[in-house]
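Asks: First the structure, which I've put down as structure tokens, then a few questions once you've had a look.
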Amino acid sequence: MDRADFFSFIKKSVVDTVKEVSAPFIEDDLKKVDQMVDSLAGIKWLPAYGETLNNKIGYQDLYIQNRHLASYFDGEEVTVFDKVCPKCQTIVQWISYDRKLKCFGCDTSITVIDRQGDLQLKEYETKCENGIWFIGIL
């Protein structure tokens with residue numbers, strides 16, 4: 001190994017060491033930034049305790065902090081919708097054979113899988129941390 005190879009090896013080793021040492025600090029800072037952005041936007045992350053959202057593929061009704069919510073798990077991600085129609089304020093119903101939510105008050109519906117339809121329900125963000133699902137409510 002000549003001098004150029006030696007200094008190249010040392011430089012690469014120092015850069016790798018700095019990356020490994022600084023990675024946990026950067027990850028902590030990113031979590032803090034995410035928390036700050038959520039608090040500025042007014043998003044409150046509520047845990048779905050007692051609701052195993054990812055154990056049952058398909059539809060589930062949720063009731064969290066006086067809100068009727070509908071969740072759908074397709075095997076990879078959980079989608080959560082508000083279950084109250086924004087036009088007529090009635091609770092929408094799940095139509096299992098069509099996999100859609102339907103409001104019988106104003107005769108509108110939305111397909112949960114591809115989010116197609118004329119019913120415009122509010123959709124909530126979800127995240128999973130340590131096996132617990134959290135729903136972001138404004």
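The values are calculated or read from the model by the stated rules, or taken from the named source; none is laboratory data. For clarity, every value in this text was computed on a predicted model and none was experimentally measured. Quick reminder, even Gly has a Cβ in these numbers, built from the backbone with ideal geometry, and neighbours come from all protein chains shown.
Asks: Go through (1) modelled with pLDDT of 85 or more; (2) not assigned by TED's automatic domain parsing to the domain that holds Gly131 one by one and return the number of the condition Val37 breaks.
Replies: Answer for Val37: the failing condition is (1).
Asks: Next up: Counting only residues that are out of contact with any Leu (no Cβ under 9 Å at 6 or more places or on another chain) and modelled with pLDDT under 75, which one in segment 40-56 is farthest from Asp74 (Cα to Cα)?
Replies: Filtering segment 40-56 down to residues out of contact with any Leu (no Cβ under 9 Å at 6 or more places or on another chain) leaves 40, 45-47, 49-50, 52, 54-56.
Now restrict to residues that are modelled with pLDDT under 75: 40, 49-50, 52, 54-56.
On the way: Leu40: 31, Tyr49: 20, Gly50: 19, Thr52: 13, Asn54: 9, Asn55: 10, Lys56: 9 Å.
Among those that are out of contact with any Leu (no Cβ under 9 Å at 6 or more places or on another chain) and modelled with pLDDT under 75, it is Leu40.
Asks: Inside segment 90-114, can you point out the residues that are free of Cβ contacts under 8 Å to residues at least 12 places away in the same chain and not in a strand (DSSP E or B)?
Replies: Tyr97, Asp107, Asp114, listed by residue number.
Asks: Here's another thing I want to ask about it. Scan segment 79-133 residue by residue and report those that are closer than 17 Å to Pro47 by Cβ and crowded, with 18+ Cβ neighbours inside 10 Å.
Replies: Passing the criteria: Val80, Tyr124, Thr126, Trp133.
Asks: Just for segment 60-76: of the residues that are under 14 Å from the mean Cα position of the chain (by Cα) and of a type in the set (D, E, K, R), which one is nearest to Arg99 (Cα to Cα)?
Replies: Asp74
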